[in-house]
Amino acid sequence: MTAILLDGIVQGLQLSLLAVGITLIYGLGGVLNLAHGQFAVVGGVAAAILVSAGVHPLAAAAGGIACAGLLGWLVDRTLLVPAYRYHGEDRLLLGLILTLGLSFVIDGALNYKFPEFSLTFRLPLAMVEVGGIPMRTASLAASAIAIAVFAGLFAFLRFTLLGKTIRSIIENEAGAELCGIDPGRTRTLIVILAAMMAGIAGVTQGLFSSLGTEMGPEFTTLGLLVAVVGGVRSVNGTLAAGVLLGIVNAFASHYVGAYVAYILLLSAAMATILVRPAGLLARFT
Amino acid sequence: MLVRVEGLHAGYGLAAVLHDVSIEAHAGEAIAVIGPNGAGKTTLLKTIMGMLSATRGSVQYDGRSLEGMRPYQVARLGLVYVPAERELFPTMTVLENLELGAFRDVRAAAERLQRVLALFPRLDERRRQLAGTLSGGEQQMLAIGRALMAGPKVLMLDEPSTGLAPKAVAELYRQLARLKSDGLTIVLTEQQVPLALALTDRAYVLEQGAIHLSGRSSDLMGDPSIKKAYLGVM
């Protein structure tokens, strides 16, 4: 029981890390990024290539994350520019189509260049006991990284002026602009940051499990589910939703199998949308 | 001349709202644009700010054309707008809202904050409260306070009295009078004509998208057509 719970939390934190980028890009840019899982895969693959080139795993991980960030910057400055010219629903729809297309391109390119690829960091996988349950240190490390990233993100959004400008744009873009805040520049920054967090999720996935080039669509789907359940404008909601869905997924996979687990996840998402349309922790509905 | 609008035509899509509107404000002057609902007052201010684009005519501010500028660029030049909707950040605190107003000029923020809180002591009392929980009058004060945090040369207000209780309106206009006597240039639109005319030096009457009458506010106060249409006296 407890082992499954812990496993769910570990997975859930990864999901949160993936989904928070979707939340931020949607909240700030009005674009639902359907290539977000692919950002994670690109980050992981880049890290793996660096490792196989003999780079120290830590530096390789940093390189992979930077690579995901670079991809985010490129996508924001090129592909999404036409979408940003529109507002509201038009921007959302155009963004959906553009990022969906991008996800196909990335998936195709990765599968073509690196078929049968899987990333695992071959680190000493010692077991430790947590509350009497044996756990792999890699899982703990992945979770610690996710928690640290979230703590950093919360502190950044809450206490720094730049973080406050980001919140102000999420809350009221027109008002932010009247304060002299340039929404375009802040948006680029947040896309880079979101892509880097996806990159971290991709790399840490390789830390406690394995990462394949074909996992992009699955990551995107799970990330979207978490973002929707958490409320697509709420960062702490996303964190809570990721952990919750991770636990649901772990129990469902253990007792009824992976296929039914997906159905249960979708049902959980649907139930949340029915009961709390603005997300788990929405302050204003 | 600090603000000069010349021959402005503007509107929403195919619907033209403003026809050949010209207004101007000197440094240190307070001017009002008065007129009935739907006359185009908000459209005029939004076009000045670059939130709508003019189809013809020009907006000059401090000797330069504002053509093609985005609202955040206009705001950075010191022409700061307080819309009727206030556009606050409801789930952020009063202090955070004010801080964001000065985000371009962090070094001056502390000193400006002192001045804003001295002008609006009620904001000082509620500094840790979320902006969304304030009363209408307090929200208007916060919107003006946030604009002042930018250190504006011109403060542009769209119907600041809208939706406020009479007491709150009186308090707000006392505070605006203080800002004016400190030398701030003020451009405002208003439906509460007597208040606006009492505050300002000059005023324009905007009707159906065109300036029908303009002059010194004290003269307009005595104008028979104004009295009849806006002051409710025969």
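The values are calculated or read from the model by the stated rules, or taken from the named source; none is laboratory data. Computed from a predicted structure; not experimentally measured. Note that we place each Cβ from the backbone using ideal geometry, even for glycine, and neighbour counts take in every protein chain shown. Quick note on the areas: whole protein, heavy atoms, side chains included, nothing else; ligands and nucleic acids left out. Shrake-Rupley method; radii C 1.70, N 1.55, O 1.52, S 1.80 Å.
Here are the numbers for this structure:
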| read-out | value |
| --- | --- |
| Choice from A:Leu92, A:Leu222, A:Leu245 showing the highest fluctuation, given a GNM over chain A with Cα pairs closer than 10 Å | A:Leu92 |
| Kirkwood Rh, angstrom, chain A [1 / mean 1/r, Cα pairs] | 19.1 Å |
| Cα-based Rg of segment B:88-168 normalised by 2.2 N^0.38 Å, two decimals | 1.02 |
| Dimensions in Å of segment A:141-285 - Rg and Dmax from alpha carbons | 16.8, 54 |
| Kirkwood Rh in Å, taken over all unlike Cα pairs in chain B | 18.0 Å |
| Inter-probe distance in nm under a simple model that places probes 7 Å from Cα toward Cβ, at A:Ala174 and A:Val256 | 4.5 nm |
| Longest site-free stretch - chain A; sites: trypsin sites (Lys or Arg not before Pro), DSSP loop, at most 15 other Cβ within 10 Å | A:123-282 |
| Whole-Å semi-axes of segment A:146-191's equivalent ellipsoid (Cα gyration tensor) | 21, 11, 8 |
| Proximal aspartates and glutamates to B:Lys228, defined as alpha-carbon separation beneath 16 angstrom and excluding residues fewer than eight positions away on the same chain | B:Glu207, B:Asp219 |
| Gaussian network model of chain A, springs between alpha carbon atoms under 10 Å - residue of A:Val228, A:Val45, A:Val149 with greatest fluctuation | A:Val149 |
| Segment B:30-99-segment A:235-285 distance, computed between alpha-carbon centres (Å) | 43 Å |
| Fraction of accessible area attributable to carbon and sulfur, chain B (%, probe 1.4 Å) | 49 percent |
| Under the Karplus curve 6.51 cos²θ - 1.76 cosθ + 1.60, θ = phi - 60°, whole-Hz ³J(HN,Hα) for segment A:206-221, x wherever Gly or Pro sits | x, 6, 10, 8, 10, 10, x, 5, 8, 7, x, x, 5, 4, 4, 4 |
| For chain B, built as a Gaussian network whose Cα springs stay under 10 Å, the top-fluctuating residue of B:Val106, B:Val94, B:Val187 | B:Val106 |
| Förster radius 25 Å - calculated FRET efficiency between B:Thr91 and B:Ser135, Cβ distance, rounded to 0.05 | 0.90 |
| Distance (nanometres) between label positions extended 7 Å along Cα→Cβ at A:Phe114 and B:Lys227 | 8.4 nm |
| √(5λ) per eigenvalue of the Cα gyration tensor, segment A:1-82, largest first, Å | 25, 22, 8 |
| Sum of -39500 (n - 2.57) over DSSP H runs of 4+, divided by residues of chain A (222 nm, nearest 500) | -26000 deg cm²/dmol |
| Accessible area expressed per residue, the protein assembly as shown, with surrounding protein chains retained (probe 1.4 Å, Å²) | 44 Å² |
| Cα Rg, Dmax, segment B:186-234, angstrom units | 10.0, 30 |
| Carbon and sulfur %, accessible surface of segment A:15-93 computed with the full protein complex present, 1.4 Å | 70 percent |
| Diffusion constant of the protein assembly as shown at 4 °C, which comes from Stokes-Einstein with the Kirkwood Cα-pair radius and 1.567 mPa s, µm²/s | 51 µm²/s |
